[in-house]
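Notes for the one structure printed next.
All of the numbers you see were taken from the coordinates with simple rules; none came from a lab. Since the model is a prediction, treat every value here as computed from it, not as a measurement. Cβ coordinates were reconstructed from backbone atoms using ideal geometry, including for glycine residues, and neighbour counts include every protein chain displayed.
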Amino acid sequence: MKDSQSMLEEGRAGEQKGSRREAPMAWFRNEVVRVGLAETLGTFVMMVFGLGSVAQVVTGKGAFGEYLSINLGFGIGVAMGVHVAGSVSGAHMNAAVSFTMCVFGRLKWAMLPLYITAQFLGSFLAAGTVFVLYYDAIHHYSEGNFTVSGPKATAGIFATYPAPYLSLHAGFLDQVLGTAMLLLCLMALSDQRNQPAPKGTEPLASGLLVLLIGISLGSNSGYAINPTRDLAPRVFSALAGWGPEVFKAGSGWWWVPVVAPLVGGVLGALIYRVFVEMHHPRIRAQGPENEPEREPLYQLKKAAPAEMCV
């Protein structure tokens, strides 16, 4: 995927007859604006599909899907979000990804507030959209009583909450591990000197990765693995009728999916770098074929800047 410092649209203006070329149409030439808009829209698309799948399962009482359909909703939603914003912003759609990219020098720290703001806004707007779309269904299912816990709880449509048996420290570990696996695998998918996702399949690979995490590591607490995905809809639900209980439930659970993914993201990327990336054969500085100094066991691809998403 594209490096954060070269996130430009890839289309080239077609040449007219003769030597004159058409200038590409761009309403916003400021890269910060373009990145912010794309990241907001990509996150919005991901979250509408993800939250919408949860709303459909909860309010349908299992008649319109089950746990697997929620995983599919978020996984395919991630893929669609990457298609929407990938070539412009890198489609992080996840504050843990953006933070990790800053730690490893793949994104300027000055850009981090922009990414987090865009992700928060996209998630908040998506929560509002799903609330409006499913308001009648939520009202009918809950009999007009918007609760965070209990047999008719509906707050879980928007944010994650721990299972009754899960302690805070176990939940923290759950989120660290889930996000570590996310970033570790994203590092591998974008490593041009290993076995990266083939060009054009990055959205699908990212979506399948999120789906895999959901069906293997999701039952304890809903696999938020994304601070902005969890916090923005939680804030919306507090304003929309569920009240401050959304921050008190689960022994004050709300901060775990905000802090733990930041730790897990850096840990997962670091593990990949220490175990794999640091040990790639060196490339000769000169020579037309740019061959490795020693013959690797795999086909070494040309190194190129890579960005990661989700």
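Since Asp230 meets every condition but one in (1) surrounded by fewer than 22 Cβ atoms within 10 Å (Cβ to Cβ); (2) outside any loop (DSSP other than H, G, I, E, B), which condition does it not meet? That leaves (1) as the condition not met. For region 66-111, a residue qualifies if it is farther than 19 Å from Val45 by Cβ, without any contact (Cβ under 8 Å) to a residue 24 or more places away in the chain and not aromatic (Phe, Trp, Tyr), and the qualifying residues are Glu66, Cys102, Gly105, Ala110. Can you confirm whether region 194-212 contains a residue that is of a type outside the set (Asp, Glu), buried (at least 19 other Cβ atoms within 10 Å of the Cβ), without any contact (Cβ under 8 Å) to a residue 40 or more places away in the chain and farther than 22 Å from His280 by Cβ? The answer is no; no qualifying residue exists.
No other residue among Tyr141, Tyr134 is over 17 Å from the mean Cα position of the chain (by Cα) and farther than 30 Å from Gly36 by Cβ apart from Tyr141. Among the residues of region 105-142, what is the count of those that are in a loop (DSSP other than H, G, I, E, B) and under 24 Å from Ala79 (Cβ atoms)? Counting residues in region 105-142 that are in a loop (DSSP other than H, G, I, E, B) and under 24 Å from Ala79 (Cβ atoms) gives 3.
Of everything in region 213-227, what is of a type in the set (Val, Ile, Thr) and crowded, with 23+ Cβ neighbours inside 10 Å? Give them in sequence order.
Across region 213-227, the qualifying residue is only Ile225.
Summed over region 39-86, the residues that are crowded, with 20+ Cβ neighbours inside 10 Å, of a type in the set (Phe, Trp, Tyr) and over 19 Å from Leu182 (Cβ atoms) give a count of 1.
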